[in-house]
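Read-outs throughout are calculated quantities, based only on the coordinates presented, and are distinct from any laboratory measurement. Keep in mind that this is a model prediction, so the values were computed, not measured. All Cβ positions, even for glycine, are placed from backbone atoms using ideal geometry, and neighbour counts span all protein chains on display.
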């Protein structure tokens, strides 16, 4: 994420200057400049200073970019969990975006979003996936708990709308789902709405998606696929997702009604489990 922020700012600052002009002034080759501006490499702070000096950037902008470059080159918190076989670059990219986000809005048709999943719920999901190495289970649980901690601390605000299917898809059995639903009602930084079956047709049918909001970066729309996430940051696509999310929230139960629905369903499941 920091590389992308740096890249976008440097592209704007370069304006109409050619790669050859930049090379003559800074000794940064056009190919290296291209990799920096595409976010494919982590620029060195000295490269940032050279480019900003040539572009005539003000001191505040230069210092901000230098600090971002330094931060981008530091080890990230998730490196203790992610790495080696079975851990994709796509996951690392998502973790970087998630860490930078200040608020996430989610519309989920049939699952609780990953950030809000309890360990037992996660364990049941992983057990149901033949493509995940069982030896990775504990590391994945630790990673999920570390991600969830940001929400529990209130560092990341989340607004999620759940299709009522989520309340009936008994992932892990009745006890596990009941505990998961109760957990959703206990998070202070999380607003939960339930889209009831009675809502009928609405704009969210057919696909789940997320909106990731950042302090100093445009909002990004995100969707899960079977192999990797699909990220969209162009204004038109993001606006379409934001509009759809607004309609979804309007059609769903209110947060108070949703909390009552979650707790009622949890009680039903607990009663079934005790029989």
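Of 229, 53, 204, which is the most mobile in a GNM of the chain whose springs link Cα atoms less than 10 angstrom apart? Among 229, 53, 204, the largest mean-square fluctuation in the Gaussian network model of the chain belongs to 53.
For the chain, set up a Gaussian network in which alpha carbons nearer than 10 Å are linked by springs, and say which option among 254, 208, 246 fluctuates the most. So, out of 254, 208, 246, the one fluctuating most is 246.
The ranking of 107, 217 from fewest to most other beta carbons within 10 Å of each one's beta carbon is 217, 107. Computed from the alpha carbon positions, the gyration tensor of the stretch 138-275 leads to an equivalent ellipsoid with semi-axes of 27, 20, 15 Å, biggest first. Segment residue 263..residue 21, full-extension length gain: 80.7 nm, with 0.36 nm per residue of separation and the alpha-carbon distance subtracted.
Each 10 Å bin, from zero up to the one with the longest distance, holds this percent of the alpha carbon pairs of the chain: 6, 25, 29, 21, 12, 6, 1, 0.
Against the chain, whose longest principal axis is taken from its Cα atoms, helix 137-153 shows a tilt of about 80°.
Highest GNM mean-square fluctuation among 164, 96, 21, for the chain modelled with Cα contacts below 10 Å: 21.
Across all directions, the shadow cast by the convex hull of the stretch 2-72 built on its C-alpha atoms averages 3.8 square nanometres. Max-minus-min Cα coordinates of the stretch 164-238 on each principal axis give 41, 30, 28 Å, with the largest extent listed first. Between the Cα long axis of helix 59-72 and the first principal axis of the chain there is an angle of about 60°, rounded to the nearest 10.
Scaled to the globular estimate 2.2 N^0.38 Å, the Cα spread of the stretch 211-275, given as radius of gyration, is 1.64.
Rounded to two decimals, the Cα radius of gyration of the stretch 122-202 over 2.2 N^0.38 Å is 1.25. Legend: ranking of residues 197, 23 from fewest to most surrounding C-beta atoms inside 10 Å; resulting order 197, 23. In terms of surrounding Cβ atoms within a 10 Å radius of their Cβ, 238, 158 rank from fewest to most as 238, 158.
Rounded to the nearest 10 degrees, the inclination of helix 174-184 to the longest alpha-carbon principal axis of the chain is 50 degrees. In percent, rounded to a whole number, the relative contact order of the stretch 86-274 is 28, using alpha-carbon pairs under 8 Å and six or more apart.
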